[in-house]
Structure formats: C-alpha cells, structure tokens
Amino acid sequence: MDPLRAQQLAAELEVDMMADMYNRMTQACHRKCVPPYYKDAELSKGESVCLDRCVAKYLEVHERMGKKLTELSVQDEELLKRMQQGTGTA
Amino acid sequence: LPQLRDFLLVYNRMTELCFRHCVCNLNYRLLTAREESCLHSCAARLVHANHRLMGAYVQLVPSLLQRRAASRE
C-alpha cells in the first residue's frame, strides 16, 4: 500500500475511534451522573460537577487501559516466543 | 488496517466496561486506589478471557465447518 494512503487511513481510523470513545463516554457518564428524573430542564450543580469529574476519570481510564493492553500484549508475545523456542528445542 | 480497527474497538469496549464496573466514586477528580486496583484486574481478566475464548473458538471451528460442508453434500 502507498505509505501516504496508509497514513491517511490511519488518521481516519483514529478520528473514528475517538468519536466512538466519545459516544461511549457520553453514555457512561450520563448513566452515572444524570438520574432519570425529568421534571426539571436544568442540571443541578451536583450533576454538573459529577459530569466534569466523570469525563476526567474516563479519559484517565482510557489512557491506563492503553498502557495495560500494550504491557499485556508484550508479555504475551514473549510468552509465545518462549513456547515456540521450547517446542523447537524439544 | 482492519485488524488495527478491530483492536482499537476492543480497546474502546474494554475502557467502557471497566469504567462502568470499577469507577463508582465520583466525589473526586482523581482515581482512588480501589478503583485503580479494580481497573488493573479488569484489564488483565478481559485479556485472559479473550485469549481463552480465542483458543476454544479456534479448536471448535474446524469441526463445525466440516459438519456444515458434509450437510451441504
């Protein structure tokens, strides 16, 4: 594949994934912070602050999950290599 | 690239799942120690579960495809 085209596709993919993350975050934080009582149109101060904190936490979790996933997949790759070496010498 | 897309979707789903389950204390902006520990376990469990699932799937699919091919004949 043309490297420029690959770069373009990767950038589009990143945008898609950020949009997907945003949608999931919105849903999760709405469930946690906004109770389903629709008598009043305005958000209370508590609900607003909850949403701010929820977004901060969600983004923190997103970052940590990324690091853990790479850590775990690196560990798995090493384990696989060791297994393959083991079966090779056996 | 389609594999990268799948991987990134799994990543997003994992984040959502572990967040929903582990983050319950919205009195603070930072993650509490309990939440951090829960997230660590959640991530590891999901990855191990996925591996196990894949192993089982890879084992069972060939016989399934064989049976389908045989029933078509």
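Name the single residue, out of those in the range A:35-90 being among the hydroxyl-bearing types (Ser, Thr, Tyr) and surrounded by 10 or more Cβ atoms within 10 Å (Cβ to Cβ), that is nearest to the other protein chains (Cβ to nearest Cβ).
Selected residue: A:Tyr58.
Working carefully through the options B:Cys18, B:Cys38, find the one that is more than 7 Å from every other protein chain (Cβ to nearest Cβ) and open to solvent by less than 100 Å² (accessible area, probe 1.4 Å). Explain how you work it out, then say what you get.
Numbers: B:Cys18 fails: more than 7 Å from every other protein chain (Cβ to nearest Cβ).
Result: B:Cys38 is the single residue among B:Cys18, B:Cys38 that is more than 7 Å from every other protein chain (Cβ to nearest Cβ) and open to solvent by less than 100 Å² (accessible area, probe 1.4 Å).
Quickly run through the range A:10-25 and pick out the residues that are out of contact with any helix residue (DSSP H, G or I) (no Cβ under 9 Å at 6 or more places or on another chain) and open to solvent by less than 70 Å² (accessible area, probe 1.4 Å).
A:Ala11, A:Ala19
Just one of (1) out of contact with any helix residue (DSSP H, G or I) (no Cβ under 9 Å at 6 or more places or on another chain); (2) loosely packed, with under 10 Cβ neighbours inside 10 Å; (3) under 30 Å from A:Ser48 (Cα atoms) trips up B:Asn27, so point out which.
Single failed check for B:Asn27: (1).
Report, ordered by the first and then the second residue, all pairs with beta carbons closer than 8 Å, sequence separation of six or more or different chains, a first member in the range B:47-70 that is touching a residue at least 24 places away in the same chain (Cβ under 8 Å) and over 23 Å from B:Leu8 (Cα atoms), and a second member that is surrounded by 10 or more Cβ atoms within 10 Å (Cβ to Cβ) and of a type outside the set (D, E, K, R).
Here the result reads none, with nothing in the range B:47-70 linked to a residue that is surrounded by 10 or more Cβ atoms within 10 Å (Cβ to Cβ) and of a type outside the set (D, E, K, R).
The values are calculated or read from the model by the stated rules, or taken from the named source; none is laboratory data. These numbers come from a predicted model, not from an experiment. Please note: Cβ atoms are built from the backbone with ideal geometry, for glycine as well, and neighbour counts cover all protein chains shown. Side chains included, ligands, DNA and RNA excluded: accessible areas come from the protein's heavy atoms. Shrake-Rupley method; radii C 1.70, N 1.55, O 1.52, S 1.80 Å.
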